[in-house]
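Working notes, structure below.
The values are calculated or read from the model by the stated rules, or taken from the named source; none is laboratory data. Source: prediction; values computed, not measured. Every residue, glycine as well, gets a Cβ built from its backbone with ideal geometry; the counts of neighbours run over all protein chains shown.
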Amino acid sequence: MRIRKKFNKMVILALSISLVLSFWASQPVQANVWSQDTFEEGDAHWSATSGNWSVVSDQGNAVYYQSSNSEGRTSAGDLEWKDYSVTADVKITDFNGSTRTYVAGRYIDANNYYAASLFNNAGGKLEIRKKVKGSSTTLATKADYELKTNEWYQIKLEMKGSTIDMYVNDVLELSATDTDLTQGSVGLVTIKSAAMYDNVNISGVTPSLPVPSPETPIDPPTETPVDPPVDPPTEMPDDTYALSEYNLSGFATGTTGGGQIADTDPRYVKVYNASDLALALKKGSKYKVIEIMNDLNLGWNEIPDAAKVAPFSAHNAALTHPVLKETGVSKINIDSFDGLTIFSSSGATIKHAAFTFKRSNNIIIRNLEFDELWEWDEASKGDYDKNDWDYITVENSSNIWIDHTTFHKAYDGLIDIKKGSNGVTISWSSFVGDDQSSNSWVTQQINALEANKTAYPMYAYLRSSSVGMSKEQIIAVAASQKKGHLIGANEFATDNPDLEVTLHHNYYKDIQDRMPRLRGGNVHAYNIVMDNAEAWTMKNNITSDMAKAISAKGYHFGITSNGAISTENGSVLLEKSVIRGVQYPLRNNQVSATQSKYTGKITAVDTIYELDELQYRGGSEDAGSPLSPVPAAVIPFSWNGFSVLPYSYTAEDPAGLQARLTAANGAGAGKLSLNTTQWLSTNYN
């Protein structure tokens, strides 16, 4: 493959006229069309809609690289292309768990395409996949196909009529038949993996249908009745795990949301933009199901005037982040809804907005990603007490299920639960810090500060000789998320005892604190992972001299290292979980260890704990356990208001938990390929 690329450079001039006329021209490709991209001239022909794509050098050759561990999508060509083949050299540099890497054809958008898939699951698999209306299905599969990182594979996807073939290294490996998609451009897609692409070739396939002679009259096509569309069959998320793994459990058991209603029902609305969402979430709207059809940018300065009505309002103005200063931030108040499901079949991303649910009951939020709600804090000297941007806040509400969601770094909290809210379950969700890539959200912010240090005295001081931090160190420290879940906003509020939250199968990556932080009430956390190993490393890179210099100026810049926290007689049970890189895994007081009224009840059962060289599995009540709560005297654990949890559940062995939650069908948005009916379900038995 690499030799062929060298040869291609020699012939590229002779082919350039053909390339210009055929590859990127806006005309259908029907037959005998050949074109190629070796990425020697950059990636100008490609349109990336997610991920971190760039042209880099690999052993002296230009390649197109998707480097982030979020889903990456890029496409090129013409939506009118029909019968053709797309061939690409593919090298996966990091599987990032059990993931898929695609070469896609008849690519319409992120929710509609065919794909030749490399799936590093159960020994490795080849697949022909299709995604239609956001629901993915495997059309053909070959098991036990060994896949390796840092090895080039030549992948070819050929589409001719209803026949779809997959070749690997010029060998036909799979064939399938399907009629759902008839045309579209080409795409490169990584489902959480990091991968390089090179030598993308598109070849036209001669149509197999006979062409009538000009003398032969052709009857016009007649319309035939078409049955209403139905959701395509959906594969199980994995050969090992049944769909019932994702049943609703915890304190939110019994929640139904908007229920199972058809998209033709007047209570079902499909949202494509901010105006649609404003109408759907207006108090008293009567909608029961809101399907988010695509990514939404909801900043106050970027939404149309038609959307600048209740429930939308302007949030605190951005002060430092160059993007948020342009887009603004919106606050969206969802008030007095009873029975509502908000979901996306495709795992759509919502940006630049904070949602508050007030006086609402029976609410389900599924398969959505939330991003771009953080900025550098100069106003409160790094204490993050100015903007009050939380992705989701729940107040005076009950029976709330938040499932298969992803939350990126935020200014304040990720999901906060307040004012006596109860019957809440947060499950199979991912909470992650910044990935520190070259164009990440934090990197964009730090680059803006670096370019104008005089306007940002705190940042300038960190970069000065008084502290001596490099720009890269600041990015690394700022990348982790400061706060997770605050449950109970005010000390000794009269409704704090009513708080009830279940956290299960959640993945917390580089979250510094509050997983959760409880005031009164009850929290049950099982099968969660706190993976703060990278944040712990960054914390240790801040020297004592640096910390003293920062503190002397009244600035707050560092990494807190707390896990689960219970205060004010709250009860937290953590079981069969994993805690990595957290200095204080369990805390029971955050005001004064000598004042017992601020102490909570907290215990860990069969939990794995790792810190530096320490490796431990056991409970907090075991003799000499590193999980024993600090800093106050331990109060024996008991629930508040009941003796036994009011629901049944199944907790799995924590030994394989991190791999499970970071797998292709693990925690977070966009991980499950379910149809609409399944997303509206709460039980799959």
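So in the stretch 468-512, with the set limited to residues that are of a type in the set (A, V, I, L, M) and over 30 Å from Gly423 (Cβ atoms), which one is surrounded by the most Cβ atoms within 10 Å (Cβ to Cβ)? Spell out how you get there, then give the answer.
Step one: of the stretch 468-512, the residues of a type in the set (A, V, I, L, M) are 469, 474-479, 486-487, 489, 493, 499, 501, 503, 511.
From what is left, the residues that are over 30 Å from Gly423 (Cβ atoms) are 469, 474-479.
Values: Met469: 23, Ile474: 21, Ile475: 20, Ala476: 20, Val477: 19, Ala478: 25, Ala479: 23.
Ranking the qualifying residues of the stretch 468-512, first place goes to Ala478.
Close Cβ contacts (under 6 Å, 6 or more residues apart or on different chains) running from residues in the stretch 310-327 that are within 12 Å of His352 (Cβ to Cβ) to residues that are part of a helix (DSSP H, G or I) comprise Phe312/Ala278; Ala318/Leu324; Ala318/Lys325; His321/Gln445.
Taking the residues in the stretch 113-128 that are in a strand (DSSP E or B) and among the small types (Gly, Ala, Ser) as candidates, determine which candidate is nearest to Trp81 (Cα to Cα). This residue is Ala115.
Return yes when Lys282 is among the basic types (Lys, Arg) and not in a strand (DSSP E or B) and no when it is not. So Lys282 fits the description; yes. Look at the stretch 129-145: where a residue is free of Cβ contacts under 8 Å to residues at least 60 places away in the same chain and a partner is crowded, with 17+ Cβ neighbours inside 10 Å and among the basic types (Lys, Arg), sitting 6+ places away or on another chain with Cβ atoms under 8 Å, you get Arg129/Arg100; Leu139/Arg129; Leu139/Lys130; Thr141/Lys125; Lys142/Lys125; Ala143/Lys125; Asp144/Lys125; Tyr145/Lys125. Of the strands (runs of 3 or more DSSP E) lying entirely inside the stretch 429-531, none contains at least 3 residues that are outside the structural domain of Ser551 (by TED's automatic domain parsing) and free of Cβ contacts under 8 Å to residues at least 60 places away in the same chain. Every condition in (1) assigned to a loop (DSSP other than H, G, I, E, B); (2) farther than 30 Å from Lys453 by Cα is met by Leu319 except one, and the failing one is (2). Under the condition of being over 27 Å from Val132 (Cα atoms), of a type outside the set (Lys, Arg) and surrounded by fewer than 22 Cβ atoms within 10 Å (Cβ to Cβ), the residues counted in the stretch 280-299 number 2.
Please verify whether Asn387 is farther than 27 Å from Ser571 by Cα, crowded, with 22+ Cβ neighbours inside 10 Å and touching a residue at least 12 places away in the same chain (Cβ under 8 Å), treating the condition exactly as stated.
On the way: farther than 27 Å from Ser571 by Cα: yes; crowded, with 22+ Cβ neighbours inside 10 Å: yes; touching a residue at least 12 places away in the same chain (Cβ under 8 Å): yes.
Yes.
Taking the stated definitions as given, is Leu340 buried (at least 22 other Cβ atoms within 10 Å of the Cβ) and farther than 24 Å from Lys288 by Cα? Spelling it out, it is not the case that Leu340 is buried (at least 22 other Cβ atoms within 10 Å of the Cβ) and farther than 24 Å from Lys288 by Cα.
Residue by residue, here is whether (1) in a loop (DSSP other than H, G, I, E, B); (2) under 29 Å from Thr190 (Cα atoms) holds:
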| site | (1), (2) |
| --- | --- |
| Ala633 | yes, no |
| Trp639 | yes, no |
| Ala651 | yes, no |
| Leu657 | no, yes |
| Ala664 | yes, yes |
| Ser673 | yes, yes |
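A count restricted to the stretch 536-585 and to residues that are within 21 Å of Gln481 (Cβ to Cβ), buried (at least 22 other Cβ atoms within 10 Å of the Cβ), small (Gly, Ala, Ser) and in contact with a Gly (Cβ under 8 Å, 6 or more places away or on another chain) stands at 1. Suppose the filter is out of contact with any helix residue (DSSP H, G or I) (no Cβ under 7 Å at 6 or more places or on another chain), outside any helix (DSSP H, G or I), within 23 Å of Ala535 (Cβ to Cβ) and modelled with pLDDT of 95 or more; does Leu586 pass it? Against the criterion (out of contact with any helix residue (DSSP H, G or I) (no Cβ under 7 Å at 6 or more places or on another chain), outside any helix (DSSP H, G or I), within 23 Å of Ala535 (Cβ to Cβ) and modelled with pLDDT of 95 or more), Leu586 qualifies. Under the condition of being out of contact with any helix residue (DSSP H, G or I) (no Cβ under 8 Å at 6 or more places or on another chain), within 19 Å of Gln481 (Cβ to Cβ) and in contact (Cβ under 8 Å) with a residue 40 or more places away in the chain, the residues counted in the stretch 393-417 number 9.
Can you find even one residue in the stretch 563-580 that is touching a residue at least 24 places away in the same chain (Cβ under 8 Å) and under 30 Å from Tyr461 (Cβ atoms)? No: zero hits.
Taken together, Lys131, Lys91, Lys142, Lys156 contain a single residue that is in contact with a Lys or Arg (Cβ under 9 Å, 6 or more places away or on another chain) and part of a strand (DSSP E or B), which is Lys142.
Each row is one residue, and each column tells you yes or no for (1) modelled with pLDDT of 95 or more; (2) polar (S, T, N, Q).
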site	(1), (2)
Ile128	yes, no
Lys133	no, no
Thr137	no, yes
Thr141	no, yes
Tyr153	yes, no
Gly161	no, no
Val171	no, no
Ala176	no, no
